[in-house]
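What follows is a set of notes on a single structure, which appears directly below.
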Amino acid sequence: PIGGGRISRGTRSKGWWRKNRCMLALVAVAGLLMGMQLWFLWRQSNGKRKAAPPVIEIPRGTNKLHLTASPKASIFFTKDGSDPTQSRYKVFYTGPVPLPVGEHTITAYAVKPNMVDSALVTSGRIVCKPEETGGGVFC
């Protein structure tokens, strides 16, 4: 070194901080943003897990709608494809539901205590026709 003096350990470390301060600032900002994003996601769900979505079934050759969900979950659905979370025509599922002749699109979701409501599940277009013999309905 010029002047015959020794470079102290503190001087070297200050130089490192000066050279890398932009990178350190970027890392700090990225960490802060990541923390804010995680907090927002936790806050959005209140720290609760999401309920499992219901399963829509119509056994072959019948017109009975069956909805199943995890234990202690309540199921709400519509038969016209509208969003049951918004529709005033949503129905609380209590057991197999007979579908009349016509076209239906089932949309359902599950609600479980201490959990966030499940995602919506929508069936494809379901066409129920009258039986040719016996006067019943099949889908």
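Run residue 27 past the list (1) part of a loop (DSSP other than H, G, I, E, B); (2) at pLDDT below 90; (3) not charged (D, E, K, R) and report the number of the one that doesn't hold.
(1)
If you go through segment 44-75, how many residues are open to solvent by 50 Å² or more (accessible area, probe 1.4 Å), under 24 Å from residue 102 (Cα atoms) and not in a loop (DSSP other than H, G, I, E, B)?
5
Kindly list the number of the only condition in (1) at pLDDT below 90; (2) buried (at least 19 other Cβ atoms within 10 Å of the Cβ) that fails for residue 78.
Checking residue 78 against (1) at pLDDT below 90; (2) buried (at least 19 other Cβ atoms within 10 Å of the Cβ), the one that fails is (1).
For segment 82-139, please list each of the strands (runs of 3 or more DSSP E) lying entirely inside it that holds at least 1 residues being in contact (Cβ under 8 Å) with a residue 40 or more places away in the chain. Spell out how you get there, then give the answer.
On the way: elements: 102-104, 107-111, 126-130.
Those strands (runs of 3 or more DSSP E) span 107-111, 126-130.
The values are calculated or read from the model by the stated rules, or taken from the named source; none is laboratory data. Bear in mind the structure is a predicted one, so any value in this text is a computation, not a measurement. Methodologically, a virtual Cβ is constructed for each residue, glycine included, from the backbone with ideal geometry; neighbour enumeration extends over all protein chains shown. Quick note on the areas: whole protein, heavy atoms, side chains included, nothing else; ligands and nucleic acids left out. Shrake-Rupley method; radii C 1.70, N 1.55, O 1.52, S 1.80 Å.
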